[in-house]
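As structure tokens, the structure follows; a few thoughts come after it.
The values are calculated or read from the model by the stated rules, or taken from the named source; none is laboratory data. Worth saying up front: this structure is predicted, and the values here are computed from it rather than measured. Here the Cβ positions follow ideal geometry from the backbone for every residue, glycine too, while neighbour counts run over all protein chains shown. For accessibility, only protein heavy atoms count, side chains too; no ligands or nucleic acids. Shrake-Rupley method; radii C 1.70, N 1.55, O 1.52, S 1.80 Å.
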Amino acid sequence: MSEQEKRLSLTEMLEAHRRERERLAWEGTFREYFEMASANPKITALSHARICDMILAAGVEKLKEGTPDEVSRYNFFSEELFGIDEAIEQIVEYFKSAAQRLEVRKRILLLMGPVGGGKSTIVTLLKRGLEKRTRDASGAVYAIKGCPMHGEPLQLIPPELRPEIEKHYGMYIEGDLCPQTRYMVDHEYGGKIEDVKVERIFFSEKDRIGIGTFAPSDPKSQDITELTGSIDLSTIGEVGVESDPRAYRFDGELNIANRGLMEFIEILKCDEKFLYSLLTLSQEQSIKTGRFAMIYADEVIVSHTNENEYNAFVGNRKSEALQDRIIMIKVPYNLKVTQEEKIYEKLLGQSDVLRNLHLAPHTLRVAAIFAVLTRLEEPKKANVDLVKKMKLYDGEDVEGFKSKDVKELKAETVREGMDGISPRYIINRLSNALVKDGVRYITPIDALRAIKDGFDQHTGISAEQKDRYLNLIALARKEYDDIAKNEVQRAFVYSFEEMARNLCNSYLDNVEAYCNKEKLKDPLTEEPIDPDERLMRSIEEQIGISENAKNTFRQEILIRISSYSRKGKSFEYNSHERLKEAIEKKIFADLKDVVKITTSTKTPDADQLRRINEVVDRLVKERGYTVESANELLRYVGSLLSR
């Protein structure tokens, strides 16, 4: 495509964008708006209901695609937030209750948790979601044209008529016009509300429509007018008095956030006078502005803070009134390794550094293992260690434990997830490793080394924490050692699936004969022979099945086979998780000597070299390695097996 064609393409895109903006724009009279609202009362929704509809609508879209309800319900957050399902569920429940106009809508939603846990991301998603939603037909919002607070047009209807309107049209009307709009209706329209102009608006944080943001700064220089607006001195000479609505700028963050969302960044760092202004806004849904009566405002108030600030706030008796108006939701760190990997993938995917660099498989997983370990509390149960707990939390099968044990482990914790290494630290260290001169790829060991080297630079890590983190680095490396050995051993099996299937079939034949007290036929002589106890035990011992427990395990396998048969399904070696693990470990154990010799030989012979090249080729084609990182893996596993 030529440069001229590119310019035309850009022009066409800009023109299409302008046409779309023109298509979305709407302006009419209040009479026309009322007809629209009568046909579709949802366009008059209050702020909490609007956000609730936005969140749930994302789940409905997934349901249309055939996604199960439990997955789709909170799909609104699923592409950006990982592993904090409980916090998200509480947030959604808050909006669902508030959407029903229950008392919780008169509360401030406060997200409390450690740095880098996702609090700001939650609020950002809500803000960006509102901006996008109001551009869709299903989320259209209309306001009185010229109203500085973008008031709901139905507020034009006198309070005396509202019960009749609700009775006949089913439209609930709440709140009153702001002083400036009331003046405009009386003087410009002569009180004829049916002629008042109404327009469609689009929420925008940048344009200060429907979304407000307030960040605390120096209390000495910060003025409450940032929240509630101020006198417009340039108009005093024209209108005569400061109490004239035309002399006031209703442009504070609380004013412009009307009908949408107000974010207070680090709310508990605000000066007390700012916090007190939230008391009437949260409970009475009103803003107090000098020289004017209470001004109605319908907005969701969301903020976030850290644990230390929150504890200090709760301990201050002067703040009891505000505490009573806050719904606090804990947003801890993610505690699932697979979800932590997704966080890193998302953060690294925002950069183009990986276009020319290679992340060896399991690099992010090993970093995630370390990060999650730092956030877990030591288990109190004697037979559970930190690694087992991590695996149970991530949904892995751990011998001797069931799902109810996970609930018990969580119940015994006090602050789990509120401390530890943040995703930001891990990404900072991975980024540091990725941008070093001459680096073409990084391995899990490189990642752990980079994380470890950063401890001295991290101002928030004490000497005691550093010692603990070094021990957890060793645990994460031990986990990687097992992953690396399995990766190489699997690659050494040319037809692993076929070997596993044959070994499994042989085991099942013997188990069936053993349980039914029958004989097998010798494949050569066809003479009846006893089941091969040595073969069965060599497999079962791989997963710690004791002599006393073997009968129970074998009966369990037969029951599973019978269940599959009734459903018309064939039983494969991977149809039973523990049997699958046993089969794989048996094959790998038989191969260990071959792998050890081949990977640790400094000067391999022709046959060994051929094997190595085949393994490298398989690691590249099937497991996602590069030739360099595959050879690095082989050298590492060779050193492990030679110890």
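List of remarks:
- Of all DSSP beta bridges in the chain, antiparallel share, percent nearest 5: 40
- Relative to the longest principal axis of the Cα atoms of the chain, helix 463-492 runs at roughly 50 degrees.
- Euclidean distance of C-alpha centroids, segment 73-103 and segment 495-533, integer Å: 54
- One chain, two ends: Glu174 and Val241. Fully extended at 0.36 nm per residue, the span grows by 21.1 nm beyond their Cα-Cα distance.
- Average accessible surface area per residue within the chain, 1.4 Å rolling probe, Å²: 52
- A simple spin-label model places pseudo-atoms 7 Å from Cα toward Cβ; at Thr124 and Glu541 they are separated by 5.5 nm.
- Segments 165-175, 471-481 sorted - mean Cβ within 10 Å per residue, highest first: 471-481, 165-175
- Taking 0.36 nm per residue of sequence separation and removing the Cα-Cα distance, the Ile597/Arg415 pair yields an extension gain of 60.7 nm.
- Förster radius 30 Å - calculated FRET efficiency between Lys404 and Tyr564, Cβ distance, rounded to 0.05: 0.70
- The count of lysine pairs in segment 582-643 whose Cα atoms are under 23 Å apart, excluding pairs fewer than 8 places apart on the same chain, comes to 5.
- Label-to-label distance, nm, for residues given as Ser138 and Asp271 (7 Å Cα→Cβ offset): 4.5
- If you take the Cα centroid of segment 163-236 and the Cα centroid of segment 289-362, the two points sit 28 Å apart.
- Using the average count of surrounding beta-carbon atoms within 10 Å as a protection proxy, the listed peptides 241-248, 483-490, 514-521 rank, highest first, as 483-490, 241-248, 514-521.
- Virtual paramagnetic centre 7 Å along Cα→Cβ of Ser38, amide N under 17 Å, in segment 146-163: 153-158, 161-163
- Spin-label proximity, Lys380 to segment 411-439 - amide N less than 15 Å from point 7 Å beyond Cα toward beta carbon: 411-416
- Using distinct alpha-carbon pairs, which all enter the 1/r mean, Kirkwood radius of segment 563-625 in Å: 14.5
- Charge tally in the Cβ shell below 10 Å around Glu199, where Lys, Arg are +1 and Asp, Glu are -1, Glu199 excluded: +2
- A straight Cα-to-Cα reach below 25 Å connects Lys452 with the lysines Lys336, Lys342, Lys346, Lys388, Lys389, Lys391, Lys436, Lys466, Lys478, Lys485, residues fewer than 8 places away in its own chain not being considered.
- With the highest mean first, a sort of the peptides 186-192, 617-623 on other beta-carbon atoms found within 10 angstrom per residue produces 617-623, 186-192.
- Long-range HN-HN contacts of Asp232 with modeled amide H, under 5 Å: Tyr248, Arg249
- The smallest convex shape that holds all Cα atoms of the chain, its convex hull, gives 263 Å³ per residue.
- Cα long-axis angle, helix 550-566 against the chain (0 to 90 degrees, to the nearest 10): 60
- Degrees separating the helix 627-641 axis from the principal Cα axis of the chain, which is the longest one: 60
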